[in-house]
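> Below are the structure tokens for one structure; questions will follow.
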Amino acid sequence: MVCVIDSDAEVVRGQIPGADIVAVPNAHAEVPEGPGFEQRTGFLFVGNFNHPPNADAVAWWKRDIAPLLAETRPQTELTVIGNDPMGTARELAGPGITVGGTVVSTLPYLHQARVSVAPLRYGAGMKSKVGEALAAGIPVVLTSVAAEGMGLVHEEHVLIADTADDFAAAVQRLYDDPELWERLRQAGAYPCGQALWPRSYEKRDLRHAGQPAGDSSSRSANGAFPRSLRKGPIRHELEATQ
């Protein structure tokens, strides 16, 4: 059995003693980091709206976070992209929120926005939207739920906030501070790089990979993939698991 993050693998091992289980993280391509601070504008949320936590995240943004930002940045919009077959995201469109639906590639949007946001209030596993943003060189403001499983540290790799007031303040701060933006852009790429699927791991026989992640010879001592093993290319498209 394959899990995405080590903590999930440990839970499954506890439920199914003796099961052959391995943690294999999400894969994201190394791509050009794109334009700098001054050439970017707006906020970005990427998500598959077949997944209820994404709709809840945008609804929370619209109801509780956006009004706080509108006090100081009324013209700055959130762009929302992703699979939306039932029109859930479209129903949330309005002043300050533009919904683009399914796109061929997320990369142009990741290179246009200044800040990626992930205001997820529930959900599990490693969030593709977060890794994708960090890999593309856009700093992220996210909740503790959205940061799960990636080893992200508040103020070191990303900004983490769990209340509407704190989230709005973090977004405003990152949006207005070019030094903080560049520092997080550079630092955030490192844990994302650790989570990329290295070539050596692709060749590994997962049938014999049931040992705890920390015992894997394909990982570093702390259980994360070494930055030096990052490889590509991988097609950079909107993933169904966002």
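The values are calculated or read from the model by the stated rules, or taken from the named source; none is laboratory data. Bear in mind the structure is a predicted one, so any value in this text is a computation, not a measurement. Cβ placement follows ideal geometry from the backbone for every residue including glycine, while neighbour counts extend to all protein chains displayed.
For (1) of a type in the set (Val, Ile, Thr); (2) in contact with a His (Cβ under 8 Å, 6 or more places away or on another chain); (3) within 19 Å of ALA133 (Cβ to Cβ); (4) assigned to a loop (DSSP other than H, G, I, E, B), each residue gets a yes or a no:
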{"residue": "THR41", "(1), (2), (3), (4)": "yes, no, yes, yes"}
{"residue": "LEU44", "(1), (2), (3), (4)": "no, no, yes, no"}
{"residue": "PHE49", "(1), (2), (3), (4)": "no, no, yes, yes"}
{"residue": "PRO53", "(1), (2), (3), (4)": "no, no, yes, no"}
{"residue": "VAL58", "(1), (2), (3), (4)": "yes, no, yes, no"}
{"residue": "ARG63", "(1), (2), (3), (4)": "no, no, no, no"}
{"residue": "PRO67", "(1), (2), (3), (4)": "no, no, no, no"}
{"residue": "ARG73", "(1), (2), (3), (4)": "no, no, no, yes"}
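> Restricted to segment 37-82, and to residues that are closer than 18 Å to ALA169 by Cβ and of a type in the set (Lys, Arg), which residue is modelled with the lowest pLDDT?
ARG73
> Applying the selection to segment 82-120, what residues are under 14 Å from the mean Cα position of the chain (by Cα) and either not assigned by TED's automatic domain parsing to the domain that holds ALA170 or not in a helix (DSSP H, G or I) (or both)?
GLY82, THR106, VAL115, SER116, VAL117, ALA118, PRO119, LEU120
> Just checking, which of ALA195, ALA221, ALA189 is at pLDDT below 90, within 16 Å of the chain's Cα centre (by Cα) and surrounded by fewer than 21 Cβ atoms within 10 Å (Cβ to Cβ)?
Within the list ALA195, ALA221, ALA189, the selection yields ALA189.
> Inside segment 59-92, can you point out the residues that are small (Gly, Ala, Ser) and surrounded by fewer than 16 Cβ atoms within 10 Å (Cβ to Cβ)?
Kept after step one, since they are small (Gly, Ala, Ser), are these residues of segment 59-92: 59, 66, 70, 82, 87, 89.
Passing the criteria: ALA70, GLY87.
Conditions tested, residue by residue: (1) of a type outside the set (Lys, Arg); (2) in contact (Cβ under 8 Å) with a residue 60 or more places away in the chain; (3) touching a helix residue (DSSP H, G or I) at 6+ places or on another chain (Cβ under 7 Å).
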{"residue": "ASP84", "(1), (2), (3)": "yes, no, yes"}
{"residue": "LEU92", "(1), (2), (3)": "yes, no, yes"}
{"residue": "GLY101", "(1), (2), (3)": "yes, no, no"}
{"residue": "LEU107", "(1), (2), (3)": "yes, yes, no"}
{"residue": "VAL117", "(1), (2), (3)": "yes, yes, yes"}
{"residue": "PRO139", "(1), (2), (3)": "yes, no, yes"}
{"residue": "SER144", "(1), (2), (3)": "yes, no, no"}
{"residue": "VAL153", "(1), (2), (3)": "yes, no, no"}
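> Here is a follow-up. Can you tell me which condition ARG183 does not meet? The list is (1) out of contact with any His (no Cβ under 9 Å at 6 or more places or on another chain); (2) under 28 Å from ILE21 (Cβ atoms); (3) modelled with pLDDT of 55 or more, and all the others hold.
Only one criterion in (1) out of contact with any His (no Cβ under 9 Å at 6 or more places or on another chain); (2) under 28 Å from ILE21 (Cβ atoms); (3) modelled with pLDDT of 55 or more is unmet by ARG183, namely (2).
> Sticking with this one: Of the residues ALA146, ALA168, only one is touching a strand residue (DSSP E or B) at 6+ places or on another chain (Cβ under 6 Å) and either over 19 Å from PRO25 (Cα atoms) or part of a helix (DSSP H, G or I) (or both); which?
On the way: ALA168 fails: touching a strand residue (DSSP E or B) at 6+ places or on another chain (Cβ under 6 Å).
On inspection, the qualifying residue turns out to be ALA146.
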